[in-house]
1. How large is the dipole of segment 216-255 about the Cα centre if only Lys and Arg carry +1 and Asp and Glu carry -1, each at its Cβ, rounded to the nearest 20 debye?
2. Only residues of segment 210-254 count here: report those whose backbone N is under 17 Å from the spot 7 Å along Cα→Cβ of T140, or say none.
3. Please work out the FRET efficiency for the pair E73 and T172, using the Cβ-Cβ distance as r and a Förster radius of 41 Å; give the result to the nearest 0.05.
4. Sort M214, M243 so that the residue with the fewest other Cβ atoms within 10 Å of its own Cβ comes first and the one with the most comes last.
5. Summing +1 for each Lys or Arg and -1 for each Asp or Glu, what net charge is found among the other residues whose Cβ lies under 13 Å from the Cβ of N43?
6. Report the local net charge at F255: Lys and Arg +1, Asp and Glu -1, summed over other residues whose C-beta lies under 9 Å from its C-beta.
7. Using a Förster radius of 25 Å, what is the FRET efficiency between S242 and V65 based on their Cβ-Cβ separation? Nearest 0.05, please.
8. Can you put T49, T38 in order of Cβ neighbours within 10 angstrom, beginning with the fewest?
Amino acid sequence: MKTRCRISQAVTAFLLLVSAAHADTTLVVQGSDGLSSTIQVRNGLGRLTTAGRDEYLIYDAGAGVITYVEPRERRYTQVSKQQLEANVKTVNDIQAAVQPYMSGMLASLPPAQRRMIEQRMGGALSPPAAGEGAAPEVRTIDRGSHTIAGLRCQSSGIVKNGRPAAEVCMATEASGKLSREDFETLEALATFSRGMASSAGSMLGELATQFQFMATQVEGVPIAVRDLEHERRYQVTSVSDSMLSDALFQGYEHFEKQEMPTLMR
């Protein structure tokens, strides 16, 4: 009887250990602008939602693909890093070819069509302002380590061209209720966002705004961000490791798939 009891206890302890190691994660992010976002992570997938909005994002860390889901319209759009890079290259190629003639071409178009093209191509249509063109000089200042919502993070000040631009606190490893597997998923999402937000944000529209919090200029997973240039703050306010449903990450699969808008659509 004692042997059977010990075996039962050992099995229970093992199952608890496995469950803890692969626990799902839910992070709530609060912004000074009043917006509250939720990031849910399970099995290499991240789901980003914003309070008061039906649309959400799914990030597949293994495939490197962002899926933008619109439940009300029962449709979704998938975008890979390769697709975004191809669109950025198209923008740059068009800019180089038509920049000398662009002002006159835009002036001759109807206002609605001109605005559409300007929104699709963003700053690529405009010549750089005086003094611009060169990449800003960016340096970081170590502000020490902190614990926010139970997560350890390293704080840094970001200085651009000699002026304070931001304060960030970045997690560089799993801690608290964030498992190693879920940390790696969040880290992949942050890397994806950091690499694409600045160059492709104007083309992504709604898709870009939902993961701007992740697109910091310092390596790691952002736990707190203070944007001094735009007077905004975002911070993880709570973390839980309750089990999540697969339906949260797969519910869109029966919707209609849309193609990502291009410059000419």
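1. 180
2. It comes to 213-228, nothing else.
3. Here the calculated transfer efficiency is 0.60.
4. M243, M214
5. Combined, the nearby Lys, Arg, Asp and Glu give -4.
6. -1
7. E(calc), rounded to 0.05, equals 0.45.
8. Least crowded to most crowded, the residues run T38, T49.
Bear in mind that the values in this text are calculations on the coordinates, not laboratory data. The structure presented is a predicted model; accordingly, all values stated were derived computationally and were not measured. Here Cβ is always computed from backbone atoms with ideal geometry, including for glycine, and neighbour counts include all displayed protein chains.
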